[in-house]
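The values are calculated or read from the model by the stated rules, or taken from the named source; none is laboratory data. Remember, it's a predicted structure, so these values are computed and weren't measured experimentally. Neighbour counts run over all protein chains shown; Cβ positions are idealised from the backbone, glycine included.
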Amino acid sequence: MPGEIPKMQCIVVDDDEIVCNEIGLYISRAPYLKLDAVLDSAHKAHAHISSRPVDLVFLDVVMPGMTGLELLEVLGNQRPQVILMTLERDFAADAFNYDVTDFLVKPVAETRFLRATGKAHKRFLSNLQGSASNNQDYVFVRTDGHLARIDLGEITYIQSLGNYVSIHTEHGKRVIHMSMKEILEKLPADCFARVHQTYIVRIDKISDIEGTTIVIGKSLIPIGRSYKNKFLKRINLI
């Protein structure tokens, strides 16, 4: 419907039933959120996230078996937005290190919940707009004091160089000041995949995969352990 607010598909992951009910109630009151599932373990959450689209995860830090932080390690950087929840403020530093959207201390006040989810929804809408703009088949990048056009179909892979990225194409490379996260958001998700903390590849440029190494032309690209499973699901594997 015209004017309808795009909703985020949410899951709640916590072994405390009272917390799950509370967060579920808050979600039901937010017009931009939709509760997809309530799960009591990180293992169940991993299976759920691997099998269907999830936009936002409300994740408890301390759970029996796999902890919330261990789940973040398994999911890697190509994960949904995450809002961590815990009784301990000491985990705030971990939340920062994992680049989660926000960090909530239990018991969670609804006003604080709305502030955190408002931030998540703003990022969600920004990503939607970015995806729509990615229908074009080229980008312009600022390099050497001018704007250079790069055809997306000519990109073979992208490598992180700290605060810069090196965009490798069939005709050479361009080095620009941008993070891997920023450039990945500008690329069409159906064509490119992040396969390592420091590498993004164009899927249709891959000529071979040897164990944990991708071959593109004469270049060998490593596949990071935390990216491997999601990447293998992306390719046309028979």
task: Just need a number here: residues in segment 189-238 that are among the aliphatic types (A, V, I, L, M) and under 15 Å from the mean Cα position of the chain (by Cα).
output: 4
query: For segment 16-114, list the helices (runs of 4 or more DSSP H) that sit wholly inside it and hold at least 1 residues that are farther than 25 Å from Asn127 by Cα, in contact with a Gly (Cβ under 7 Å, 6 or more places away or on another chain) and of a type outside the set (Val, Ile, Thr); which are they?
result: 42-51
- prompt: Out of all the residues in segment 5-27, is one or more among the hydroxyl-bearing types (Ser, Thr, Tyr) and free of Cβ contacts under 8 Å to residues at least 40 places away in the same chain?
  reply: no
query: Can you tell which of Asp15, Asp36 is buried (at least 16 other Cβ atoms within 10 Å of the Cβ), on the phi < 0 side of the Ramachandran plot and assigned by TED's automatic domain parsing to the domain that holds Arg79?
result: Asp36
message: Test of understanding: among Ile183, Ile221, Ile214, Ile209, which residue is assigned to a helix (DSSP H, G or I), surrounded by 14 or more Cβ atoms within 10 Å (Cβ to Cβ) and either among the hydrophobic types (A, V, I, L, M, F, W, C) or out of contact with any His (no Cβ under 8 Å at 6 or more places or on another chain) (or both)?
response: Ile183
message: Suppose the filter is modelled with pLDDT of 85 or more, closer than 27 Å to Tyr199 by Cβ and surrounded by 15 or more Cβ atoms within 10 Å (Cβ to Cβ); does Val61 pass it?
response: no
query: Only one residue in Gly76, Gly118, Gly24 is in contact with a strand residue (DSSP E or B) (Cβ under 6 Å, 6 or more places away or on another chain) and not assigned by TED's automatic domain parsing to the domain that holds Leu184, so which one is that?
result: Gly24
statement: Over segment 84-122, the set of residues modelled with pLDDT under 85, of a type in the set (D, E, K, R) and more than 15 Å from the chain's Cα centre (by Cα) is Glu88, Arg89, Asp90, Asp94
Unique residue being without any contact (Cβ under 8 Å) to a residue 24 or more places away in the chain, surrounded by 14 or more Cβ atoms within 10 Å (Cβ to Cβ) and over 14 Å from Gln78 (Cα atoms) when the list is Val165, Val175: Val165
- prompt: Is segment 123-140 home to any residue that is part of a helix (DSSP H, G or I), at pLDDT below 85 and in contact with a Lys or Arg (Cβ under 7 Å, 6 or more places away or on another chain)?
  reply: yes
task: Among the candidates Tyr164, Tyr157, Tyr227, single out the residue that is out of contact with any Asp or Glu (no Cβ under 6 Å at 6 or more places or on another chain), closer than 22 Å to Pro80 by Cβ, at pLDDT 85 or above and not acidic (Asp, Glu).
output: Tyr227
